[in-house]
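To keep things clear, I will list the structure first and then write my remarks on it.
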Amino acid sequence: MIEIDVTTNDGYLLASVIRGPDIEGSNCEYLVCADIKMLFTARIRHWCGVERSGADIRKTAGLWTTFNLEALVEYVMSTEYNQGLNHYLSHVYQALQIITKYGEYHREAILLLEVAGKMCDAMHNAYNAEQSLRWSIDMLVQFASAKETTC
Amino acid sequence: MKIDLSNDDGYLIAAAIRGPDFKGEADGVCYQAFSAVKAVFTARFRHICGVTYFGAEIRQGTDLTTFNEGVDAVEGQFCDIVTSFAEAGSMAEREAMWHVLSHLERALQALPADEYAPYRREIIALVNLIDAVSRMLDSFQANKDDAVAWMKAAYANLADVIHFTDDNES
């Protein structure tokens with residue numbers, strides 16, 4: 001488990017991502033943002049030892065059955081530059097960079113870091129962003145299934 | 001401050017460290033309202049928790065409208081900005097604001113009383129102001145004048161209390 005001391009830079013950056021995105025919007029947008037929260041926040045919470053009932057926590061590397069890749073990609077690709085989501089992802093990115101220092105979570109954190117980076121690229125209309133985002137999520141899924149197989 | 005995220009209080013404190021996820025144009029009412037809330041509540045909460053990260057906006061001084069570098073954080077009056085937001089913000093934007101405020105309120109209440117005794121009065125004043133802003137967002141259409149007056153009183157109280165706190169700190 002990762003310990004947090006907010007008087008340090010790393011501690012502050014990790015604490016900053018414990019709250020999920022400030023979800024809002026229509027039903028569809030809400031569901032996509034809930035997936036984004038499960039993808040990043042819920043996993044980081046688990047690594048940091050959060051056990052609070054009511055908080056979304058993802059205890060395994062595997063993605064959940066209702067995860068909707070198409071909706072996620074469509075949302076990220078079609079949404080105009082979203083300052084709120086960008087702010088949230090920038091915190092996710094910084095936190096995951098710190099978590100890669102922890103050997104236990106190193107590989108998965110790098111894969112999540114890649115997904116967060118590709119989502120930012122997509123919001124900034126980077127070249128081939130959609131394909132890169134799909135590949136990065138594929139890598140994460142492969143990692144999770146390999147981990148389950150070896151367990 | 002070390003946070004133990006395996007208990008509820010630790011989780012609630014960590015959940016309030018990040019500021020709101022701003023959206024909209026920088027000169028828009030929504031952006032300004034979230035910015036004002038960040039300056040008055042989040043930035044001060046970070047200071048109380050001992051955050052020193054160079055990139056974080058932290059409010060150390062007695063001035064409710066400036067961050068640590070003396071840079072203006074709130075252009076104009078907090079109460080006027082939040083009132084405009086209550087009037088013009090969409091339902092989704094107001095719900096996002098309520099979400100942020102509820103995290104801040106629970107986090108302030110979760111700070112250990114003994115350890116944060118020097119900030120006790122200020123913490124109560126901050127929570128009162130959060131209550132007043134939340135109430136105004138809820139009842140703006142039905143009870144605008146009373147809700148605004150209540151918020152202004154809570155803000156004035158905070159301004160008084162924070163001077164008291166910082167006198168103690170020095």
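Annotations for the structure displayed:
- Pairs exceeding a 23 Å alpha-carbon distance, out of B:K38/B:K152; B:K2/B:K152; A:K147/B:K2: B:K2/B:K152; A:K147/B:K2.
- Protection proxy ranking of B:146-153, B:15-22, by the mean of other Cβ atoms within 10 Å over each peptide's residues and highest first, is B:15-22, B:146-153.
- Cut-off under 5 Å, modelled amide H: who pairs with B:I3 long-range: A:I4, A:D5, A:V6
- The distance from the alpha carbon centre of the range A:74-145 to that of the range B:85-124 is 30 Å, rounded to a whole number.
- ³J(HN,Hα) computed for each position of the range B:6-12 - Karplus, 6.51 cos²θ - 1.76 cosθ + 1.60, integer Hz, glycine/proline x: 7, 10, 4, 4, x, 4, 5
- Largest-first principal axis extents of the Cα set of chain B (Å): 41, 35, 29
- For the protein assembly as shown, the Cα-based Rg and Dmax, in that order, read 20.1, 64 Å.
- Whole-number Å³ per residue for the convex hull built on Cα positions in the range A:9-144: 109
- Each label was represented as a point 7 Å from its Cα along the Cα-to-Cβ direction; for A:K101 and B:D8 these points are 3.2 nm apart.
Read-outs: derived from the displayed coordinates by stated rules, not from any lab. All values reported here derive from a predicted model rather than from experimental measurement. Heads up, the Cβs are rebuilt from the backbone with ideal geometry, glycines too, and the neighbour counts pull from every protein chain shown.
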